[in-house]
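Written out below as structure tokens is the structure these notes cover.
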Ligand code: G4P
Ligand code: NA
Ligand code: NA
């Protein structure tokens, strides 16, 4: 998606440790006009799939998922991250290992909001190592719902998540795939570009 790639080049900041900061339009301040274009693009890509639910994970996936959901006219469910073992009630749960934060946490979704008959699109802001998305896919499978695919705003193609999930047969649609980035020069190369 050219508009998004241009915006990343213009306002993204490359930090040490292969981190791309996009706080001015995606992760902290949010550009809702851009989110609307993102929503239209996911709708275009998944228009034939009869999606009836969007699933994301707190925190930074929620804002994007809500705008995207307006184009599908479906509800958004977000998986909650929990640090405690105090799992209350009837929930699907799975463990997610965060490399970036060096810890394991549980995610949970109430059974009431996901189940057989649902056709689910996963939405998230970033795809890096893919553990969060893998956890969401596991929750969908556990629920008996159908996983249609995943819509990702920015994939870091030099990290293994996206390629592994595709190899597992999950349809992953990323609007911008960063193939490489250089902290010193500030240059970013996207997959598919020369
Ligand atoms: P992953 O396996 O799920 O891909 O996650 P990973 O541990 O690699 O990354 C941990 C968190 O950092 C995730 O957010 C992920 O979205 C985010 N992230 C990974 N790489 C980048 C990056 O280059 N730039 C930015 N801005 N974020 C990145 P989280 O902490 O799980 O969720 P949230 O609370 O921030 O939503
Ligand atoms: Na996220
Ligand atoms: Na994040």
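Coordinate-derived values only; no laboratory data. Since this is a predicted model, take the numbers as computed values, not measurements. Cβ placement follows ideal geometry from the backbone for every residue including glycine, while neighbour counts extend to all protein chains displayed.
Things worth noting here:
- The antiparallel fraction among DSSP beta bridges confined to the chain stands at about 45%.
- Neighbour counts of other Cβ atoms within 10 Å put 36, 41, 194 in the fewest-to-most order 194, 36, 41.
- One decimal place: the segment residue 146-residue 37 gains 36.6 nm when fully extended, by the rule 0.36 nm per residue minus the C-alpha distance.
- In degrees, nearest ten, helix 32-45 long axis to first principal axis of the chain (Cα): 70 degrees
- Residue of 131, 40, 15 that the Gaussian network model of the chain assigns the largest fluctuation, springs spanning Cα pairs under 10 Å: 15
- Paramagnetic label reach from residue 81 (point 7 Å along Cα→Cβ; backbone nitrogen cut-off under 19 Å): within segment 158-172, residues 160-162.
- Our analysis of the chain gives Rg over Rh at 0.96, with the two radii drawn from alpha carbon positions and Rh computed by the Kirkwood formula.
- Sites residue 23 and residue 173 - FRET efficiency at Förster radius 22 Å, r taken between beta-carbons, to 0.05: 0.40
- Candidates 67, 154, 32, ranked by Gaussian network fluctuation over the chain, Cα under 10 Å, top entry: 32
- Highest-fluctuation residue, 109, 153, 74 considered, GNM on the chain with Cα pairs under 10 Å: 74
- Relative contact order for the chain, counting Cα pairs under 8 Å that sit 6 or more residues apart, in percent: 18 percent
- Between segment 44-119 and segment 120-169, the Cα center-to-center distance that results, in Å: 11 Å
- Between 0 and 90 degrees, the angle of helix 2-11 with respect to the longest Cα principal axis of the chain falls at about 70 degrees.
- Cβ crowding within 10 Å ranks 94, 185 as 185, 94, fewest other Cβ atoms first.
- Only helices enter this figure: runs of n ≥ 4 DSSP H residues, each worth -39500 (n - 2.57), summed and divided by the residues of the chain, yield -9000 deg cm²/dmol at 222 nm to the nearest 500.
- Rounded tilt (10° steps) of 61-72 against the dominant C-alpha axis of the chain: 80 degrees
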